[in-house]
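To keep things clear, I will list the structure first and then write my remarks on it.
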């Protein structure tokens, strides 16, 4: 996810979506025309963040309750999981590939 800097405009792209007439009417009634793009962009961003949080919570719920290695720290466990999820070879991720 890209970091946003307040006050600096990022390049915009036009997008076309179909939405229910009632929602469109409510949007037009509640949000001034000059603010609609920003309003919709913010709403989509918030919805996508909520999806990401839900996915992360599900992933955390599915992690094993105990480490397979005795004495393994939480940091080591999460580092190993991240490397597994990444898909690249461990030596590349660990920086040991020659």
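Some observations on this one:
- Meets criteria (surrounded by 11 or more Cβ atoms within 10 Å (Cβ to Cβ) and assigned to a helix (DSSP H, G or I)) for residue 72: no
- Every pair of residues 6+ apart whose Cβ atoms lie under 7 Å, when the first sits in region 69-80 and is closer than 15 Å to residue 59 by Cβ and in the same structural domain as residue 94 (by TED's automatic domain parsing) while the second is part of a loop (DSSP other than H, G, I, E, B) and modelled with pLDDT under 80: 77/67
The values are calculated or read from the model by the stated rules, or taken from the named source; none is laboratory data. Keep in mind the model is a prediction, meaning the values are calculated, not measured. Here the Cβ is made from the backbone with ideal geometry for all residues, glycine too, and neighbour counts use every protein chain on show.
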